[in-house]
Each structure stands twice: as structure tokens, then as C-alpha cells.
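In what follows, a single structure is set out as C-alpha cells and then discussed.
The values are calculated or read from the model by the stated rules, or taken from the named source; none is laboratory data. Worth saying up front: this structure is predicted, and the values here are computed from it rather than measured. Here Cβ is always computed from backbone atoms with ideal geometry, including for glycine, and neighbour counts include all displayed protein chains. Remember, those area values only see protein heavy atoms, side chains included, never the ligands or the DNA or RNA. Shrake-Rupley method; radii C 1.70, N 1.55, O 1.52, S 1.80 Å.
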Amino acid sequence: MPSETIRRALVIDDERALASVVASYLERDGFEVHLAFDGPEGLDSARSVDPDVVVLDLGLPRMDGVEVCRQLRTFSDCYVVMLTARTDEIDTLIGLSVGADDYITKPFSPRELMARITALLRRPRRAEATPASAEPLTLGDLTVDLESREVHLDGALVPLTRTEFDVLSTLAKSPNRVFSRRALIEDVWGATWVGDEHLVDVHVLHVRQKLGDTVAEQRFIRTVRGVGYRVGPGT
């Protein structure tokens with residue numbers, strides 16, 4: 001296999017047996033796999049390996065997964081799947097708010113984890129799948145540039161994660177359409193994605209917060225009660 005086609009994965013988990021199982025599934029799928037067993041070691045590995053995907057445990061020693069993810073996002077746009085042994089909603093919200101793309105609760109099936117990773121990797125990194133001729137989308141003072149994958153509000157860059165950008169751009173490209181959670185899942189994560197569809201709500205919440213929207217004032221993403229979401233006019 002040519003070196004440029006190699007996909008790299010980093011597994012950061014202090015449960016060594018579990019990390020080895022996950023690594024074996026990734027290797028079977030053609031990944032070059034690297035392991036780390038605490039937070040600082042994981043960040044060092046991420047800097048040297050430049051992974052395409054990181055499987056990150058929330059409850060790490062020395063530095064928890066939330067902080068690892070926060071620091072990781074300062075230098076990498078890799079896909080991040082967070083592992084958590086806790087089902088509390090706040091854990092999910094915190095993990096995704098620092099840039100995780102997906103999460104899965106322990107215990108889990110390695111096959112389910114691989115299905116999640118496969119769905120993530122079908123999505124483009126940066127602007128790889130966007131035609132150079134794509135025109136920026138405008139919603140009032142908000143501009144969504146599909147080519148550069150950048151969002152500007154009143155001329156200022158809005159620092160969205162890749163998943164947040166994908167959710168916003170999917171809505172903005174079809175301004176007259178109301179998307180159900182499932183429809184957004186299929187457009188952003190892929191039709192084969194399985195898991196809690198309320199993941200969509202978490203990412204919509206984060207986009208709204210970064211755009212200065214509130215539940216009461218939904219300028220850019222509007223909730224259509226009982227159905228889903230659509231873009232607003234931005235005014």
C-alpha cells in the first residue's frame with residue numbers, strides 16, 4: 001500500500017486490554033495504529049503521528065479526555081471518538097463541546113465503534129470534496145464558505161469544529177428544508193451511522209452558542225417543533 005494512502009489511528013485509553021482489542025480491529029481495517037495510555041502521552045503521540053482518527057477515553061490518568069481533546073483541537077483536525085464509562089448527559093455535552101465528533105458508552109461492541117469510525121471517515125477533511133466553484137452561502141450577517149470551510153459572522157471568523165461546520169453547512173445549503181435528526185445524521189454522519197440521534201441536538205446547541213444565538217432568538221438555526229431544524233434568515 002502506498003504510504004500516502006495509509007490511514008493512521010491513535011487509541012488513548014489506560015485500559016490496556018481494551019486498547020489492544022480496539023487496535024486489533026483498526027489494524028484489520030488497514031489502519032496504522034498507535035497506542036497511548038494517559039493524557040500527556042496521547043497528546044505527544046498525536047503531535048508526532050498526525051492521526052486521521054483518535055479513539056479517546058474520557059477517564060484518563062494525569063489528564064482527562066476532555067482536556068486532551070481541547071488541546072488536541074489546537075493543532076489537529078482529526079476525527080475524535082470519545083469513550084466514556086458514564087452515561088451522564090453532562091459528560092456527553094462537555095466532551096462534544098471541546099471538539100469530539102462522536103461518543104460511545106462503555107461497554108461497547110468493537111464492531112459498532114468501527115462502524116462509527118467508518119461513517120466519520122466518509123466525510124471530507126477540510127475542503128477536499130467541495131468544488132472550487134462553490135459560492136459562499138449568506139444568512140444575514142453570516143457567511144458559510146464551503147470551499148474554505150470557514151464561517152464568518154459580521155466579518156469575524158467563527159471557530160467551528162468540523163462536525164459543527166458540517167451541520168451548519170448542510171442546513172444552509174437547503175434553506176427551505178426542515179431536517180429531522182435522522183436526515184441530518186444521514187447527511188453529516190452517513191446512512192450507516194448508529195447511535196443516539198440526540199447527538200444532533202448537542203452539535204446544534206454548540207453552533208448556536210458560537211453564533212450568539214439563544215433558544216428564544218433563533219436567527220440562524222431554528223427549531224421546528226416535533227420535526228427538526230432548518231436555517232433562519234439571520235436577521
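Just a few scattered comments:
- Taken over segment 33-87, the residue count meeting the criterion of being part of a loop (DSSP other than H, G, I, E, B) and on the phi < 0 side of the Ramachandran plot is 19.
- Residues of segment 189-205 that turn out to be modelled with pLDDT under 90, assigned to a helix (DSSP H, G or I) and open to solvent by less than 20 Å² (accessible area, probe 1.4 Å), as a count: 5
- Residues being touching a residue at least 12 places away in the same chain (Cβ under 8 Å), outside any loop (DSSP other than H, G, I, E, B) and open to solvent by 20 Å² or more (accessible area, probe 1.4 Å) - total across segment 206-222: 2
Each row is one residue, and each column tells you yes or no for (1) exposed (fewer than 13 other Cβ atoms within 10 Å of the Cβ); (2) more than 19 Å from the chain's Cα centre (by Cα); (3) closer than 17 Å to F220 by Cα; (4) at pLDDT below 85.
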| residue | (1), (2), (3), (4) |
| --- | --- |
| T130 | no, no, no, yes |
| L142 | no, yes, yes, no |
| D166 | no, no, yes, no |
| S169 | no, no, yes, no |
| S180 | no, no, yes, no |
| D187 | no, no, no, no |
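- Test: R116 is open to solvent by 20 Å² or more (accessible area, probe 1.4 Å), modelled with pLDDT of 80 or more, basic (K, R) and in contact with an Asp or Glu (Cβ under 7 Å, 6 or more places away or on another chain): no
- Residues of segment 68-120 satisfying the condition of being closer than 17 Å to E15 by Cβ, in contact with a helix residue (DSSP H, G or I) (Cβ under 7 Å, 6 or more places away or on another chain) and of a type outside the set (S, T, Y): V68, V81, M82, I104, P110, L113
- Some residue of segment 66-89 being basic (K, R) and either open to solvent by less than 10 Å² (accessible area, probe 1.4 Å) or over 23 Å from W193 (Cβ atoms) (or both): yes
- Qualifying positions in segment 1-32 - β-branched (V, I, T), touching a residue at least 12 places away in the same chain (Cβ under 8 Å) and either surrounded by fewer than 17 Cβ atoms within 10 Å (Cβ to Cβ) or assigned to a helix (DSSP H, G or I) (or both): I6, V21, V22
- You will find that of S169, S174, the residue that is in contact with a strand residue (DSSP E or B) (Cβ under 7 Å, 6 or more places away or on another chain) and among the polar types (S, T, N, Q) is S169 and no other.
- If you go through segment 224-235 and pick out every residue that is over 20 Å from L153 (Cβ atoms), open to solvent by 70 Å² or more (accessible area, probe 1.4 Å) and of a type in the set (V, I, T), you end up with 1.
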